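The values are calculated or read from the model by the stated rules, or taken from the named source; none is laboratory data. None of the values given here were measured: they were computed from a predicted structure. When we count neighbours, we look across all protein chains shown, and the Cβ atoms used for this are built from the backbone with ideal geometry, even at glycine.
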């Protein structure tokens, strides 16, 4: 009788029943929330003002932390199976940082504008891009949460493939 192929949910349960990966997720949640708060408070002169629904903020932070813990698990499985790479950890940092920038009340404007000026955008293009972020910030944060969830799904499938590749050797 063949072994039952693990499902993504089984892999997810295996990751988050381990105290180490729960700790990784908790540390990531605290770190991402601290980053988010710092970005908003430093740009709003000490006032914590969020212009998007707070549940989106928490969803972004939680999904980024779960993605980071899943990616750390993928790295450990890859090392044990001598299989290359785990790309999700960088994505979780990027999505939570960018989400923190666009959720805060105008905190993204100076940072985003200087990046756009550096790559050659003119002042009208920069102001249009900043207006776009301001108008569609809720949708953009929801898109970042969706990207995290899609990449979590991908990482879980990748962990299953790594596990089956190491068992078939």
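Kindly provide the set of residues from the range 36-64 that are outside any helix (DSSP H, G or I) and either on the phi > 0 side of the Ramachandran plot or at pLDDT below 75 (or both), ordered by number.
Quick first cut of the range 36-64, residues outside any helix (DSSP H, G or I) only: 44-53.
If the condition is that a residue be outside any helix (DSSP H, G or I) and either on the phi > 0 side of the Ramachandran plot or at pLDDT below 75 (or both), then 44, 45, 46, 47, 48, 49, 50, 51, 52 are the ones that fit.
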Which numbered condition residue 145 misses (of (1) at pLDDT below 65; (2) closer than 24 Å to residue 14 by Cβ): (1)
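Got a number for residues in the range 13-43 being under 18 Å from residue 77 (Cβ atoms) and buried (at least 19 other Cβ atoms within 10 Å of the Cβ)?
Within the range 13-43, the first condition is being under 18 Å from residue 77 (Cβ atoms), and the residues that meet it are 13-25.
With buried (at least 19 other Cβ atoms within 10 Å of the Cβ) added as a condition, the list becomes 15, 21, 24-25.
The qualifying residues number 4.
Mind checking which residues of the range 112-128 are assigned to a helix (DSSP H, G or I) and either more than 22 Å from residue 60 (Cα to Cα) or in contact with a strand residue (DSSP E or B) (Cβ under 9 Å, 6 or more places away or on another chain) (or both)?
113, 114, 115, 116, 117, 118, 123, 124, 125, 126, 127, 128
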Any chance residue 67 is in a helix (DSSP H, G or I) and either surrounded by fewer than 19 Cβ atoms within 10 Å (Cβ to Cβ) or at pLDDT 85 or above (or both): yes
